Amino acid sequence: MTGASGYIGGTVADSLVKAGHAVSGLARNDAAAAKLRKHGMQAVRGDLGSHGIVRDAARAADAVINCANADDPFVTAAILEGLAGAGKTLIHTSGSSIVGDKVVGRLSPKVYHEDTPFEPAPEKIQRVAIQRTVLAAAAQGVRSVVLCPTLIYGGGRGANPESIQVPNLIRQALKSGVPRYVGAGENVWSTVHIEDVCDAYLLALKAAPAGSFFYLESGETSFRAIVESIGRLLGGKAAQGWSLDEAIAHWGPMAVWFSLGGNSRVTAEKARRMLGWQPKGPGLFDEIERGWYRRQLDAGAYG
């Protein structure tokens, strides 16, 4: 695995270890290697740019799960070189911002399924090119699968238990005293619980056909509703909109345009139908106000 010490990868790796699999994870230094061993994995010393190390580790494995940087073409090339012609499995992680738009908090009615044609924004071209290369490797004897999660929430079970979007919104609200969304906050993202994501990886490892692509979602909500839920978490603080420039000054342009200010609406009907995937994790607002994020807040995790 790459990304085995991360949020998605750590949770998937923990499930694999508990199921009796021997899992090796790429570790760039001694500290990262120690984290992997603590969670029952072996460590392969190297980083995403260590071509020969990644290639050889892929060649030696029964299957590879790439949960590292979805925008890194070099680690993907090394993995595919190691797996070429072997009939082994590669599960590659993408993300549903590939269909994101740049609308600054406005709602879009467009909902994508796996076969909906689209042209990615310039900022997402490389990610889409990588996943298309992975899928094309099915013709070179790789059982290649791309999983494309949406906004993931809930507590992970690996070395890094925290997601990105919701904790960043909570930290901003705590720091400023005002929960914020971008523009009118009407933009909608599909969402999915980390445990449901993990289930999808294990099902794909077992049964996904070569060259298959799956979105992962269990519902959707607007960012204004998410931030209002955070306001309730923080004792009833009123949520307010930020202008584009104000939001970029705090979160940066890529996060604002795609992760927080755009729409990313997809359907996971294909995963439900082909993999038998049945999401059952708690809802996002329940996790924010009464679940994982409440416990993290009470423990002082957000400063």
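Brief remarks on what is shown
- Glu123, sole failed condition from (1) of a type outside the set (Phe, Trp, Tyr); (2) surrounded by 18 or more Cβ atoms within 10 Å (Cβ to Cβ); (3) outside any strand (DSSP E or B); (4) in contact (Cβ under 8 Å) with a residue 60 or more places away in the chain: (2)
- Restricting region 135-147 to residues that are outside any loop (DSSP other than H, G, I, E, B) and surrounded by fewer than 24 Cβ atoms within 10 Å (Cβ to Cβ), the residue that is nearest to the chain's Cα centre (by Cα): Leu135
- Residue within region 247-266 that is polar (S, T, N, Q), over 17 Å from Phe223 (Cα atoms) and at pLDDT 95 or above present: no
- Flag for Thr150 being hydroxyl-bearing (Ser, Thr, Tyr) and surrounded by fewer than 20 Cβ atoms within 10 Å (Cβ to Cβ): no
- Among the residues making up region 75-95, those that are of a type in the set (Gly, Ala, Ser), over 21 Å from Thr150 (Cβ atoms) and in contact with a strand residue (DSSP E or B) (Cβ under 9 Å, 6 or more places away or on another chain) are Gly82, Gly87.
- Selected residue (criterion: modelled with the highest pLDDT) from residues of region 34-82 that are closer than 26 Å to Gly156 by Cα, of a type in the set (S, T, N, Q) and surrounded by fewer than 22 Cβ atoms within 10 Å (Cβ to Cβ): Gln42
- Every pair of residues 6+ apart whose Cβ atoms lie under 6 Å, when the first sits in region 210-235 and is under 16 Å from Val188 (Cα atoms) and surrounded by fewer than 20 Cβ atoms within 10 Å (Cβ to Cβ) while the second is acidic (Asp, Glu) and at pLDDT 95 or above: Ser222/Glu186
- Conditions (1) crowded, with 18+ Cβ neighbours inside 10 Å; (2) assigned to a loop (DSSP other than H, G, I, E, B): number failed by Ala184: (1)
- Within region 66-89, residues that are on the phi > 0 side of the Ramachandran plot sit with their Cβ atoms under 9 Å from residues that are in a loop (DSSP other than H, G, I, E, B) and buried (at least 22 other Cβ atoms within 10 Å of the Cβ), at 6+ positions apart or across chains, in these pairs: Gly85/Val142; Gly87/Val142.
- Taking the criterion of being farther than 22 Å from Lys102 by Cβ and small (Gly, Ala, Ser), the residues of region 123-142 that qualify are Ala136, Ala137, Ala138, Ala139, Gly141.
The values are calculated or read from the model by the stated rules, or taken from the named source; none is laboratory data. Predicted model, so just to flag it, every value in this text is computed and none were measured. All Cβ positions, even for glycine, are placed from backbone atoms using ideal geometry, and neighbour counts span all protein chains on display.
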